[in-house]
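Below is one structure, written out as structure tokens, with a few remarks after it.
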Amino acid sequence: SRTIQTLIRSMILPMRPRRLRFHENVPDALQAMMLEPPTLVFSEWHMRPMSGNRLLKIMRNRKIDTLCFVPVIVLTGDATRRNVETALRAGAQAVLAKPVSSTDFRKRIDFVLSDERPFEPVGDQFVVSGVAALLDKRRERDRLPALLTSVGLEPEPPMRAKPIESASLPDIKPSLQDIRRRNAR
């Protein structure tokens with residue numbers, strides 16, 4: 001949307017980019033990017049007629065060597081776990097949930113531009129190496145309590161610090177009598 005484009009422009013211009021381009025639709029963007037590959041791409045997740053996921057899959061295709069390694073940050077107002085995982089598995093380096101602050105925006109750009117993780121081929125696509133394994137590990141960790149319960153075991157509660165005994169704390173509050181004695185002097 002033009003509103004989001006204006007917002008992004010206002011957050012990026014202070015960084016003094018050499019060139020900043022916005023496109024109204026994915027086919028126009030792809031054509032322009034093929035002619036002059038960008039340094040970084042911001043893509044909305046929900047677009048019509050082609051989604052951000054489809055754009056990522058086209059960009060990460062091994063046959064499109066001019067775009068397959070260009071860093072991509074996905075912006076979305078629907079940052080569900082499923083959408084974030086799908087974007088990362090499709091090859092996005094980062095996902096930002098809207099509304100986004102200029103500080104978070106800048107941090108994410110700095111991270112993506114300094115990201116040294118290599119790409120690895122998966123089928124016809126290139127994806128960021130290690131991301132799928134990390135997401136799978138996180139998914140298993142999150143499923144573990146439910147799995148333990150399903151086989152009749154109780155998951156252990158998370159470790160928490162023990163509460164401090166109130167009797168072991170010195171009484172630092174002066175009593176009402178102490179205050180009256182001091183004031184009477």
Note to self: Normalised radius of gyration for segment 1-150, please: alpha carbon Rg relative to 2.2 N^0.38 Å, two decimal places.
What the structure shows: 1.10
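If N is the number of residues in segment 90-132, what value comes out of its Cα radius of gyration divided by 2.2 N^0.38 Å?
1.34
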Next item on the list: Provide the percentage of antiparallel DSSP beta bridges, counting only those with both residues in segment 57-147; round to the nearest 5.
Entry: 55
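Values quoted throughout were computed directly from the atomic coordinates according to the rules given, and no laboratory measurement underlies them. Quick caveat: nothing in here was measured; it's all calculated off a predicted structure.
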